[in-house]
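All of the numbers you see were taken from the coordinates with simple rules; none came from a lab. This one's a predicted model, so the numbers in the text were calculated from it and none came from an experiment. Backbone-built Cβ (ideal geometry, glycine too); neighbour counts: all protein chains shown.
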């Protein structure tokens, strides 16, 4: 009986293992390529640019009933913070935003709070806990505005940093830290 043409089980298992590794590597490479392509598509899609441009044409009521015209904030770096009175992390970061505004407004930085809330609740809250920066009433439509600016999950708080020309510098979903604000202040 000739055993020369019969592969040993160790040799066959090694070949199968190498084949599986190649398939696994190819799958990982394909997933990475798709993720990269998806990120590039999202970053450069026209709707993101349109949303940024549309933001500057909006006007918001303030909790006291005045009008806040976004165009009046153009020309200087701006932090737009989406928040609500019922959002604990939003409330916790407000003193940090207020301090950033007071310390950096002379350096051209502006801060705007856009409340995803009802005017009465925001007015009562701000009477108890005032802030130095302006607050506009975005209402529930503010969730859609936030999504158009990159908040794909609709979470709060959500903050967008714009440069003086009105282009997005940075976005963050979740509570801000002093390091976030320090980093953004250096970007303008």
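The figures follow:
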quantity: Per-selection Kirkwood Rh - the stretch 98-163 (Cα, Å, 1 d.p.); calculated: 13.0 Å
quantity: Convex hull of the stretch 58-188 built on C-alpha atoms - directionally averaged projected area, nm²; calculated: 7.0 nm²
quantity: Peptides 74-84, 160-170 ordered by average Cβ neighbours within 10 Å, highest first; calculated: 74-84, 160-170
quantity: Ranked packing of 130-142, 60-72, most packed first, by mean Cβ within 10 Å; calculated: 130-142, 60-72
